Amino acid sequence: MGNRRIGLAASLLICAVLIAVTCYWLVDPQSASAANATAANPGPPPADQMALLKHGANLAAIGDCAVCHTAKPDAPFAGGRPLATPFGTLYSTNITPDRQTGIGAWTLADFTRAMRRGVSRDGHLLYPAFPYPHFTHMTDADIAALYAYLMSRDAVQATAPANRLMFPLAFRPLLAVWNLLFLHPGVEADGTAQASTSSPPASPDAQLARGKYLIDGPAHCAACHTPMNMLGAEKSGDAFGGNVIEGWEAPALTTLMDAPQPWTHEQLVAYLRTGLATQHGAAAGPMRAVTQSLADASDTDVDAMAAYLLSLQKPASSPAAATAHAVQTSQTNPAPADNAHIRNGAVLFVAACASCHATHAPMSTFGGRPSLALGTAVNAQDPRNALRMILDGIPAERSARGVYMPAFASTFTDAQIVDIAAFLRANFSSQPAWALDESHVERLRKENHEP
Ligand code: HEC
Ligand code: HEC
Ligand code: HEC
């Protein structure tokens, strides 16, 4: 039986390699010659250089390039940050202009090929944890601006640690098959259909088009918010339907009208730029870094993204539908959080949480932060983010307005965390109780996740 499995795995691997090698040869020579053709483009005149760099900096902020490509704050873009994926740990690479270990020797054509096709300079295929399936939609002008911006950064000598991926994924040519199935290359020539500057769009339609371009392209929001198939590709029929990423639930972005306080344009803009909106929970987990990066993006672009996001909303579910849903979930998940759990949780809450989260705590009176009842964590169907929040808290670093919550992972046992979660759900949400036990918390503790 063991042998048969190994035999099957081996023959699958051999088939995949044959397909991969074939695809590799079909795809690569063509893009390599395209690379040579554009390498001789003259650079922009110096008078435009400042505008170009500003344009590139804006796109780098929207694309979170520094978030993934920075391991040490004093060496931005130098790579080496681990990324937890369902397939193992992957390290981002150095994209500073260092010639040996970074991309200093890359031409614009090399860079464009990486962004559009996921092919590195020496021809090796890149893993789609690098969001090239989104960056492929960027215009030539935008890619050139990003390139100019990255080339203007400080060169840092740094080599990323080796990846730790499941067999046989360390074998990169397999990615040719992935690309064949899931990469839909975007505009090859300059996409004049998309406005590529961040000057205010002329009409609401232009603003929506700009927002769509940014969200689907450089901002790659779907990379975290769209469910994935078994091969780690976004499911095409369920865009923005919600997903678990780096140990956190990235909620659906199509049901923002179902929030306890339906999202408005202003709230969304505030959240995206600062991680804080007065009627919603603060951005935590991997979303915190996204909002920290968007703080440096242009106002008009964040406005456009918010406008487009709001245009994607399903109508709020009617109260009747919500009740039906609640009844259904409570029937399938008989609530184990009996009063003893909730009572214990209430005691722990008073001791550990109330100094910040009680109605009259300084955080709400002076800090203007909303009740836990308005956040997604306690109202979500999945207790994941509430548990993650209790385990990990919100680290204080770089948070603009002192939004900090201690991590309680080593303060409480699994059983105590179950009790606290039961209390949160009963006290701050009208949704049916979570079906929760200690194994749940234990699993989340062990998971590879973003702190
Ligand atoms: C979600 C994390 C993530 C984000 C966001 C991200 N990258 Fe990356 N990037 C990676 C990883 C991981 C790799 C290495 C992939 C591999 O080794 O196969 C990579 C590789 C690259 C490479 C290839 C480098 C080489 O040596 O082959 C380039 C170029 C690059 N990224 C540019 C960018 C730019 C520009 C942005 C912003 C617009 C960006 N990346 C945003 C994760 C990310
Ligand atoms: C690296 C993964 C990642 C990326 C990229 C990402 N998000 Fe998120 N997002 C999350 C996670 C995880 C949460 C849940 C965080 C929380 O509740 O504190 C979240 C929460 C949100 C929320 C709050 C939803 C709610 O119901 O409370 C909004 C709105 C949002 N994201 C919009 C966006 C937009 C717009 C983009 C693209 C500009 C984006 N996200 C990109 C991971 C991501
Ligand atoms: C030092 C103050 C502090 C303490 C103590 C604290 N928190 Fe928090 N907590 C915060 C802050 C700040 C936020 C971000 C909330 C915001 O600004 O919207 C937060 C957010 C949360 C959220 C996420 C809300 C959402 O939907 O985004 C949950 C759940 C939570 N806390 C639970 C707890 C629990 C349970 C305890 C006790 C075990 C606790 N907190 C103790 C400060 C604190």
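Observations on the structure shown:
- Selected residue (criterion: surrounded by the fewest Cβ atoms within 10 Å (Cβ to Cβ)) from residues of the stretch 219-238 that are more than 14 Å from ligand 1 (Cβ to nearest atom) and touching a residue at least 40 places away in the same chain (Cβ under 8 Å): Leu231
- The stretch 276-335, residues that are β-branched (Val, Ile, Thr), over 30 Å from Pro395 (Cβ atoms) and at pLDDT 95 or above: Thr300
- Qualifying residues in the stretch 362-389 (those that are part of a helix (DSSP H, G or I) and free of Cβ contacts under 8 Å to residues at least 24 places away in the same chain) - the one nearest to ligand 3 (Cβ to nearest atom): Met363
- For Ala250, the stated conditions hold: it is free of Cβ contacts under 8 Å to residues at least 40 places away in the same chain and within 16 Å of ligand 1 (Cβ to nearest atom).
- Of the criteria (1) farther than 26 Å from Leu294 by Cα; (2) within 14 Å of ligand 2 (Cβ to nearest atom); (3) of a type in the set (S, T, N, Q), which one Thr376 fails: (1)
- Evaluated against (1) within 17 Å of Pro251 (Cβ to Cβ); (2) part of a helix (DSSP H, G or I), Ile417 falls short on exactly one condition, (1).
- Meeting the requirement of 3 or more residues that are small (Gly, Ala, Ser), the helices (runs of 4 or more DSSP H) wholly within the stretch 203-285 are 204-216.
- Residue within the stretch 119-127 that is surrounded by 15 or more Cβ atoms within 10 Å (Cβ to Cβ), modelled with pLDDT of 95 or more and not in a loop (DSSP other than H, G, I, E, B) present: yes
- Scanning the stretch 178-202 for residues that are at pLDDT 90 or above and polar (S, T, N, Q) gives a single hit, Asn179.
- Residues satisfying the criterion are absent from the stretch 9-28 (criterion: at pLDDT 95 or above, surrounded by 14 or more Cβ atoms within 10 Å (Cβ to Cβ), in contact with a Pro (Cβ under 6 Å, 6 or more places away or on another chain) and part of a helix (DSSP H, G or I)).
- Boolean, Asp205 is of a type in the set (Asp, Glu) and at pLDDT 90 or above: yes
- Filtered residue count, the stretch 68-79, keeping only those that are in contact (Cβ under 8 Å) with a residue 12 or more places away in the chain and either surrounded by fewer than 17 Cβ atoms within 10 Å (Cβ to Cβ) or assigned by TED's automatic domain parsing to the domain that holds Cys224 (or both): 0
- Scan the stretch 138-159 for residues that are buried (at least 22 other Cβ atoms within 10 Å of the Cβ) and not in a helix (DSSP H, G or I) and the total you get is 1.
To keep it simple, each residue is scored yes or no on (1) touching a Lys or Arg at 6+ places or on another chain (Cβ under 9 Å); (2) β-branched (Val, Ile, Thr); (3) over 22 Å from Ala415 (Cα atoms); (4) assigned by TED's automatic domain parsing to the domain that holds Glu249.
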| site | (1), (2), (3), (4) |
| --- | --- |
| Ala358 | no, no, yes, no |
| Met363 | yes, no, yes, no |
| Arg369 | no, no, yes, no |
| Leu374 | no, no, yes, no |
| Ala377 | yes, no, no, no |
| Gln381 | no, no, no, no |
| Asn385 | no, no, no, no |
| Met389 | no, no, no, no |
| Gly393 | no, no, no, no |
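The values are calculated or read from the model by the stated rules, or taken from the named source; none is laboratory data. Everything numeric here is computed off the predicted structure, so don't read it as measured data. When we count neighbours, we look across all protein chains shown, and the Cβ atoms used for this are built from the backbone with ideal geometry, even at glycine.
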